[in-house]
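Here the structure comes first, spelled out in structure tokens, and everything after it is commentary.
We did not get these values from a lab; they are worked out from the coordinates using the rules stated. Since we're looking at a predicted model, the values are computed, not measured. Here Cβ is always computed from backbone atoms with ideal geometry, including for glycine, and neighbour counts include all displayed protein chains.
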């Protein structure tokens, strides 16, 4: 399979998968859970829109001869380059947005002031990181009409920085749920499922690692080899964003997973008789280190939960519902 066919196949596959997952997420947040749609969903939908647009631009670029090894009458190098540039730009913007969506999910389920401040700080940093990398990728490091990380020493260094920091950000958001849920009162099996669903972003970082290897090779590649590496880089950038969207949406599908008895038998058997006592945080009691310092802290948490229930009347967030006993 050539680079052209590979880009088309991967693009079509993930368009289908991501569309199913994102629409399922929106269904859960709007139909299954009352008032469940939040800022994390909004940002993820923006990411998905950018993802769809980027693939439309990619397919158009391929139509005009991008990554082609043959010659056709309708090929137009100028148009192919123009649409490739648009594809790259929307991909870079979407890559930043999906990280913000993941951060907002974690912010939504966190109670601890320290963790919330950490997440807010990370959101600001990722926002700045996205702007800077997009400016370099779509402006300073544009060569021949499209992004070229190997166009200069400075651009190669920026590419290293972007890719390595990308890996760090992915691992940070993937491993943070372990800290957030470490002392929660959830059953061990549900806690592990929650950590797994919230930490799926770690798989997207595998594509980022592959990209780093390609960028290293690009720094000294020439001619046809360099062109092929650019095609490979485009392919793995697509895989990276696609996996990130899948990972960001997975946790929100928790209510749909209730139909898998093997995962939630204990939950179904025990029911939710104590839900009223603990509010929307019946199973997810995050940062219990602070909550368990004394009974007064516990009582305050319960009081706040009851207040939310009485004032919001079913306005529990969808992420709270993710880990709630059905």
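Our note on the geometry: Cα centres of the stretch 208-252 and the stretch 109-142, 21 Å apart. The stretch between residue 140 and residue 39, if pulled fully straight at 0.36 nm per residue, gains 33.2 nm over its current Cα-Cα span. When peptides 121-132, 87-98, 71-82 are ranked by their average number of other Cβ atoms within 10 Å per residue, the highest-first order is 87-98, 121-132, 71-82. One decimal place: the segment residue 221-residue 125 gains 31.3 nm when fully extended, by the rule 0.36 nm per residue minus the C-alpha distance. Convex hull of alpha carbon positions in the stretch 3-257: directionally averaged projected area 14.0 nm².
Just check the stretch 32-175 against the gyration tensor rule for me: Cα atoms, a ≥ b ≥ c as the square roots of the eigenvalues, rounded for a/c under 1.5, and otherwise prolate or oblate depending on whether a/b exceeds b/c. Because a/c hits 1.5 or more and a/b fails to exceed b/c, the stretch 32-175 counts as oblate. Using every pair of distinct Cα positions in the stretch 90-189, the Kirkwood expression returns a hydrodynamic radius of 15.1 angstrom. Could you please state, rounded to a whole Å, how far the C-alpha centre of the stretch 59-86 is from the C-alpha centre of the stretch 158-198? If you average the Cα positions of each part, the centres end up 39 Å apart. Projecting label points 7 angstrom from Cα along Cα→Cβ for residue 13 and residue 70 puts them 2.3 nm apart.
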